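Reviewing the structure listed below.
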Amino acid sequence: MSWHARGVMDGAEGVPPSKVNEYQSTCDKYSVQVDRATYEEGRQEGAKRYCTRANGFSVGMNGDRYENACPGGIERTFLSGYQPGRLMWSAVNNMQVAESAVRSSTYRIQTIENQVDRLYVDLEDTSLTDKQRSEIRNQIRWLRREIDNERDKRRTNELRIPELRDRCNQARERVESLGFVVTDVCY
């Protein structure tokens, strides 16, 4: 293996300098020594491709973590893109989480309503005892409370969405003012 080539590949993928320790741990099993200096030289060379402002923005927009992979001299450039990208990702993610919660609550309500409908059908069975009918009615009451709780959750999230959309649009405007192009992600 060429430790320089491995370093270049890792650097271009944003792998942190500590990765060499994992390689050494694996190589120790075979009594092979990692050429740390050559690896790090290659990693820094590859990092020049990774640690750009544009890539920082892309990494941040994807919600990926920054692993402190950029050497000090170019880290600021990477972070000047990563931080606005991460801000945008966070705004979009918060909005999507609330929208997903609304969909989840809607599905849960429908599922519970179907259970209630089946229980009403069960109540029509003339062979049921009074005790069995009472148990079914109790189940229906309990399920109706669950529906009410789920409707409250859904409503809470529905009310949050416009504010989260506004925050997302504000973040988009800030990010665009820094020269980044953001597609319409705050739908």
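The values are calculated or read from the model by the stated rules, or taken from the named source; none is laboratory data. Everything quoted here is computed from the prediction, not taken from an experiment. Positions of Cβ are generated from backbone atoms using ideal geometry, with glycine treated the same way; all protein chains shown enter the neighbour counts.
This table checks each residue for (1) among the aliphatic types (A, V, I, L, M); (2) at pLDDT 95 or above.
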| position | (1), (2) |
| --- | --- |
| S105 | no, yes |
| T111 | no, yes |
| E135 | no, yes |
| D152 | no, yes |
| C168 | no, yes |
| V175 | yes, yes |
| V185 | yes, no |
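Can you tell me which residue among R154, R160 is within 30 Å of A91 (Cα to Cα), within 28 Å of the chain's Cα centre (by Cα) and in contact (Cβ under 8 Å) with a residue 60 or more places away in the chain?
So the residue among R154, R160 that is within 30 Å of A91 (Cα to Cα), within 28 Å of the chain's Cα centre (by Cα) and in contact (Cβ under 8 Å) with a residue 60 or more places away in the chain is R160.
What's the total number of residues in segment 66-85 that are at pLDDT 95 or above, under 17 Å from the mean Cα position of the chain (by Cα) and over 14 Å from F180 (Cα atoms)?
1
Among Y39, Y107, which is the only one that is among the aromatic types (F, W, Y) and either touching a Cys at 6+ places or on another chain (Cβ under 7 Å) or more than 30 Å from R154 (Cα to Cα) (or both)?
So the residue among Y39, Y107 that is among the aromatic types (F, W, Y) and either touching a Cys at 6+ places or on another chain (Cβ under 7 Å) or more than 30 Å from R154 (Cα to Cα) (or both) is Y39.
Any chance segment 34-48 includes a residue that's in contact (Cβ under 8 Å) with a residue 24 or more places away in the chain, closer than 30 Å to Q139 by Cβ and assigned to a helix (DSSP H, G or I)?
No, segment 34-48 contains no residue that is in contact (Cβ under 8 Å) with a residue 24 or more places away in the chain, closer than 30 Å to Q139 by Cβ and assigned to a helix (DSSP H, G or I).
Give the residue, chosen from N114, N157, that is within 30 Å of Q83 (Cβ to Cβ) and assigned to a helix (DSSP H, G or I).
N157
Part of a helix (DSSP H, G or I), of a type in the set (F, W, Y) and in contact with a Pro (Cβ under 9 Å, 6 or more places away or on another chain) - does that describe any residue in segment 75-87?
For segment 75-87, residues part of a helix (DSSP H, G or I), of a type in the set (F, W, Y) and in contact with a Pro (Cβ under 9 Å, 6 or more places away or on another chain): absent.
For every residue, the table says whether it meets (1) loosely packed, with under 13 Cβ neighbours inside 10 Å; (2) under 30 Å from D184 (Cα atoms); (3) touching a Leu at 6+ places or on another chain (Cβ under 7 Å); (4) of a type outside the set (A, V, I, L, M, F, W, C).
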| position | (1), (2), (3), (4) |
| --- | --- |
| N62 | yes, yes, no, yes |
| R65 | yes, yes, no, yes |
| P71 | no, no, no, yes |
| Q115 | no, no, yes, yes |
| Y120 | yes, no, no, yes |
| R145 | yes, no, no, yes |
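State whether one or more residues within segment 95-107 are assigned to a helix (DSSP H, G or I), surrounded by 17 or more Cβ atoms within 10 Å (Cβ to Cβ) and not assigned by TED's automatic domain parsing to the domain that holds S177.
No: segment 95-107 contains no residue that is assigned to a helix (DSSP H, G or I), surrounded by 17 or more Cβ atoms within 10 Å (Cβ to Cβ) and not assigned by TED's automatic domain parsing to the domain that holds S177.
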